[in-house]
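Notes follow the structure.
No lab work stands behind these numbers, since they all come straight from the coordinates. Worth saying up front: this structure is predicted, and the values here are computed from it rather than measured. Quick reminder, even Gly has a Cβ in these numbers, built from the backbone with ideal geometry, and neighbours come from all protein chains shown.
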Amino acid sequence: MVSIVENEYQKRMDDLSSVERVDRACAMFRWTQEMLARRVVEELGTMSAERLKWEVALRQYGDEPAVRSMIEKILQNVPR
């Protein structure tokens, strides 16, 4: 059974233009990256912006073995 809230949410989503949908998706992606960055810093401590970028990428894409290997290789050369 679909709730009133779910119906209203779907209606508003359907009313978005293509550009608004893409903007929304980009905002959600940025929010996810920022959340992961906060977790990385909590877990590993402060680090350079370059290292943080790759540590976040590792968490986002590290389930794919080839990508994990590439990111880990890059991280070997990135200063803490």
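Could you tell me whether any residue of segment 43-52 is over 18 Å from Leu75 (Cα atoms), without any contact (Cβ under 8 Å) to a residue 24 or more places away in the chain and not hydroxyl-bearing (Ser, Thr, Tyr)?
no
How many residues, within segment 53-77, are among the acidic types (Asp, Glu), free of Cβ contacts under 8 Å to residues at least 12 places away in the same chain and farther than 22 Å from Phe29 by Cβ?
Summing the residues that are among the acidic types (Asp, Glu), free of Cβ contacts under 8 Å to residues at least 12 places away in the same chain and farther than 22 Å from Phe29 by Cβ in segment 53-77 gives 0.
Residues that are loosely packed, with under 11 Cβ neighbours inside 10 Å, out of contact with any helix residue (DSSP H, G or I) (no Cβ under 7 Å at 6 or more places or on another chain) and charged (D, E, K, R): find the helices (runs of 4 or more DSSP H) completely inside segment 11-80 holding 2 or more of those. Spell out the reasoning first.
Numbers: elements: 18-44, 49-61, 65-75.
Fully inside segment 11-80 and qualifying: 18-44.
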